[in-house]
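The values are calculated or read from the model by the stated rules, or taken from the named source; none is laboratory data. This is a predicted model, so every value here is computed, not measured. We place every Cβ from the backbone using ideal geometry, glycine too, and count neighbours over all the protein chains shown. Remember, those area values only see protein heavy atoms, side chains included, never the ligands or the DNA or RNA. Shrake-Rupley method; radii C 1.70, N 1.55, O 1.52, S 1.80 Å.
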Amino acid sequence: GRMQQEDVTAPYKYGDYWYYRRYVEGKDYPIYARRKGSLDADEEVLLDVNVEAGDAPYFAVSGFRVSPDHSKAGFAVDTVGRRLYDVYFIDLETGEKLPDVIESTTSNYRWAADSQTVLYTRLHPETLRWERIYRFALGSPEHELIYEELDETFSVYLYGSISRQYIYIYSTSTLSSEVRYLATDAPYDEPKLFLPRESEHEYYVTDGGDRFYVMSNDGA
């Protein structure tokens with residue numbers, strides 16, 4: 001009874017567009033949308049999850065991400081509730097789904113700067129530990145393993161940088177972490193190790209264009 005039926009997230013500016021998602025009274029799922037140039041421009045609906053869900057008893061969308069050229073978007077769908085997602089891609093100009101689907105994976109993925117290459121995290125089917133990073137290009141059947149976390153006490157995931165110039169591969173356990181990275185405009189390079197993992201050393205890296213910024217518990 002306290003839930004606000006008509007609601008909208010704070011819009012954020014990405015390129016020439018303002019992106020946001022909103023909820024409509026009487027419907028269960030969000031609508032992803034954007035406006036070009038200003039918030040007074042006409043709304044462009046990118047994904048109506050209410051339409052996608054249909055009569056499904058359970059339907060969760062996560063990881064809605066627009067490509068750097070704003071022509072495509074990806075989104076991950078879980079219809080079971082076990083955090084096993086299928087990732088779909090849509091052409092934002094036509095609204096049509098692309099034939100590419102990443103099945104039974106996580107919702108954790110990142111676009112490269114070419115708006116064609118995608119890096120994503122795959123989990124173990126039984127333990128659900130996030131353990132492998134793959135790379136593939138839309139339209140290609142090849143999915144290339146680029147990193148595997150062999151230590152079962154660690155899990156691995158991807159995150160993007162503030163500048164959008166890098167994709168980071170983050171391995172983390174309870175008391176230790178390790179970062180690898182590669183440039184978004186060179187997604188087929190080998191990921192570079194930032195600093196080898198050490199027991200009880202936790203660190204996190206991002207960048208501001210001309211330098212890296214590191215948050216660390218070393219000596220803290």
With the requirement that a residue be assigned to a strand (DSSP E or B), farther than 17 Å from Glu93 by Cβ and of a type outside the set (Lys, Arg), what does the range 11-38 give you?
Tyr12, Trp18, Tyr20, Tyr23, Ile31
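Do you know which of the residues in the range 187-220 that are among the small types (Gly, Ala, Ser) and out of contact with any strand residue (DSSP E or B) (no Cβ under 7 Å at 6 or more places or on another chain) is surrounded by the most Cβ atoms within 10 Å (Cβ to Cβ)?
Within the range 187-220, the first condition is being among the small types (Gly, Ala, Ser), and the residues that meet it are 199, 208-209, 216, 219-220.
Of the ones still in play, those that are also out of contact with any strand residue (DSSP E or B) (no Cβ under 7 Å at 6 or more places or on another chain) are 199, 208-209, 219-220.
Values: Ser199: 7, Gly208: 11, Gly209: 9, Gly219: 5, Ala220: 6.
Here the residue is Gly208.
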Do any residues in the range 155-175 that are of a type in the set (Gly, Ala, Ser) have Cβ atoms under 6 Å from those of residues that are part of a loop (DSSP other than H, G, I, E, B) and crowded, with 20+ Cβ neighbours inside 10 Å, where the two are at least six apart or on different chains, and which pairs are they?
Ser171/Glu149
Options Pro30, Pro11; residue that is open to solvent by less than 40 Å² (accessible area, probe 1.4 Å) and either in contact (Cβ under 8 Å) with a residue 12 or more places away in the chain or within 23 Å of the chain's Cα centre (by Cα) (or both):
Pro30
Quick count over the range 46-78, residues being over 11 Å from Ile90 (Cβ atoms), aliphatic (A, V, I, L, M) and surrounded by 13 or more Cβ atoms within 10 Å (Cβ to Cβ), is 6
Within the range 130-154, which residues are in a loop (DSSP other than H, G, I, E, B) and either within 23 Å of Tyr188 (Cβ to Cβ) or open to solvent by 40 Å² or more (accessible area, probe 1.4 Å) (or both)?
Leu138, Gly139, Ser140, Pro141, Glu142, His143, Glu149, Leu150, Asp151, Glu152, Thr153
Name, by its number, the condition in (1) surrounded by fewer than 17 Cβ atoms within 10 Å (Cβ to Cβ); (2) closer than 25 Å to Tyr181 by Cα; (3) not aromatic (Phe, Trp, Tyr) that does not hold for Glu25.
(2)
